[in-house]
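Accompanying notes for the structure given below.
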Amino acid sequence: MNPLSVVVRTICDIFAWFLGIFGAYVIIHGHISPGGGFQGGAVVATMAALLLVAYGGKKVLSFVRPGIYTGMEATGLLVFITAGFLGIGTTFFYNFLAGQGGLFGSVVPLGPNSGILNSAGTISLMNMAVGLEVVSGLSLILIYMFKGIRLFEGREGRSERGHDR
């Protein structure tokens, strides 16, 4: 695909940051509000789709390395599985960090949670791992789809001219 107009690329530059920040917010606040790792990861991966569409596959694929996304995907999966197995003394996926203090285990006051981020124990850690997994997995899917489009265009000897052929 060829890059779109300057106006579209400028708007993409502005809104891509909002997508990344909002997706990170949804991932981090997943145990307090609706959302979580999967939903936030999908929002951040939408940022990659927006950049691919606005700038064209050729330019974005010239500086994107799929190996980095593969490593991020493996890291997210390993963190998730490790957090699940760490509580195996009691049960699989036992929330062993809840109420212990520290980074993820502060004690929650009685009543509704007023927005204390470090109150979920392993749940927030798993949300971050799932978010990393989904961001990298969906981004890899988009990257390989765009690579497939380029291979198809090269083999057929034609390029996309618009949506109304």
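A few points about this structure:
- Among residues of segment 27-46 that are within 14 Å of ILE141 (Cβ to Cβ), those with a beta-carbon under 7 Å from a residue that is surrounded by 18 or more Cβ atoms within 10 Å (Cβ to Cβ) and among the polar types (S, T, N, Q) at least six positions away or on a different chain give the pairs ALA45/SER139.
- Between LEU103, LEU77, the distinction of being modelled with pLDDT of 85 or more and surrounded by fewer than 19 Cβ atoms within 10 Å (Cβ to Cβ) belongs to LEU77 only.
- Per this entry, ALA42 is counted among residues that are at pLDDT 80 or above, within 17 Å of GLY131 (Cα to Cα), surrounded by 15 or more Cβ atoms within 10 Å (Cβ to Cβ) and touching a Leu at 6+ places or on another chain (Cβ under 7 Å).
- Selected residue (only one of LEU52, LEU97 is modelled with pLDDT under 90, buried (at least 16 other Cβ atoms within 10 Å of the Cβ) and under 14 Å from LEU142 (Cα atoms)): LEU52
The values are calculated or read from the model by the stated rules, or taken from the named source; none is laboratory data. Small disclaimer: the values here were computed from a predicted structure and weren't measured. Counting neighbours? That spans all protein chains shown, and the Cβs are built from the backbone with ideal geometry, glycine included.
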